[in-house]
């Protein structure tokens, strides 16, 4: 039977973002702002006041970071493809406009 523990792999990133976690569905606050009480070491939602599990908050941030990095990587690759196509088309246009040398 599969182990029900949450496992997170925080290895250094290579070219593409790497992140793995076994996640259980749980009800949680969906608001963005938090307030951290350093004395009690608890985290609360700024909007509704609900107590938030600190690990859950860190996990949500890690997942969002991976999504953002994946999106950045995808957009970077798309930009590179567009730049390569532009350079190739420009070379073709220059070749057409450049008179050929006669030997």
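The values are calculated or read from the model by the stated rules, or taken from the named source; none is laboratory data. Note that this is a predicted model, so its numbers are computed, not measured. Here Cβ is always computed from backbone atoms with ideal geometry, including for glycine, and neighbour counts include all displayed protein chains.
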Open item on the list: Could you check segment 27-61 and list, in sequence order, the residues that are in contact with a helix residue (DSSP H, G or I) (Cβ under 7 Å, 6 or more places away or on another chain) and not in a loop (DSSP other than H, G, I, E, B)?
Closed with: 34, 43
TODO: Could you please find all residues in segment 37-48 being touching a strand residue (DSSP E or B) at 6+ places or on another chain (Cβ under 9 Å) and surrounded by fewer than 13 Cβ atoms within 10 Å (Cβ to Cβ)?
DONE: 37, 46
Open item on the list: Pairs please, first residue from segment 65-91 and on the phi < 0 side of the Ramachandran plot, second anywhere and at pLDDT below 95, Cβ atoms under 7 Å, 6+ apart in sequence or on different chains.
Closed with: 66/17; 66/19; 69/17; 70/17; 73/16; 73/17
